[in-house]
Amino acid sequence: MKKVLLTFAFTLISIFSFAQVDWAVDLMHSSVNFNIKHMGISFVQGRFDKFDGKAATKGNNLDNADLSFHVDVNTINTGVEMRDKHLKNADFFDAEKYPTMTFVTGSITKEKNNTYILKGKLTIKDVTKEISVPVTFGGVTKNQQGKEVMGIQTTFKINRLDYNIKYDPTGAGVAKDVDVNLYFELTKL
């Protein structure tokens with residue numbers, strides 16, 4: 001009888017330790033930002049005001065996590081309305097035809113400390129490319145309402161020409177490389 005109880009206890013512990021935990025992006029504590037060189041001498045910063053995302057983890061870390069994020073291209077915001085309208089047209093994002101950018105994980109590998117390498121597919125316009133990005137895991141804590149929250153962030157570069165954003169292909173006025181900075185706080189569901 002003792003063996004049966006011990007086996008049952010270990011089985012329950014195993015099930016709970018490998019149970020999937022679902023998380024959703026907390027929009028009030030997250031941001032999707034970018035930075036691009038202009039005229040070779042200065043930078044234009046911007047953000048996207050509407051996005052969502054979710055994660056499924058095997059516990060309170062990113063080991064073997066599945067993540068997906070969606071960005072509403074129509075909410076691009078550089079602080080200059082005329083520029084934002086131009087960025088939404090066919091010269092850049094063609095937001096009417098391609099209203100959403102997406103990222104979905106393929107794999108995640110733990111590096112040292114709280115760093116992971118996230119590989120996945122980034123879709124912008126009509127192009128999907130495999131990318132690898134470093135992710136810093138900020139940890140898990142409880143918010144003011146007592147809910148568990150997780151923090152992650154990443155900074156990486158993409159070449160906009162790889163995604164059919166062909167305006168100024170020389171990169172003389174608008175650089176080819178875009179710095180992307182993502183800060184996400186996710187709430188356990």
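Every read-out reported here was derived from the displayed coordinates using simple, explicitly stated rules and does not represent laboratory data. Keep in mind the model is a prediction, meaning the values are calculated, not measured.
Measuring between their Cα centroids, the range 164-186 and the range 52-112 lie 13 Å from each other. Only lysine pairs 8 or more places apart, or on different chains, with alpha-carbon atoms under 20 angstrom apart are counted in the range 116-189, and they number 16. In summary, the aspartates and glutamates within cross-link reach of Lys58, defined as a Cα separation below 15 angstrom excluding same-chain residues under 8 places away, comprise Asp22, Asp66, Glu148. Where does the chain land at 222 nm, in deg cm²/dmol rounded to the nearest 500, when only DSSP H runs of n ≥ 4 count, each adding -39500 (n - 2.57), divided by all residues? Per the formula, -4000 deg cm²/dmol. For the range 76-157, the relative contact order works out to 18 percent when only alpha carbon pairs closer than 8 Å and six or more residues apart are counted.
Restricted to Cα atoms, the range 97-189 shows a radius of gyration and a Dmax of 16.2, 51 angstrom. Taking Cα atoms only, the orientation of helix 2-17 departs from the longest principal axis of the chain by about 10 degrees.
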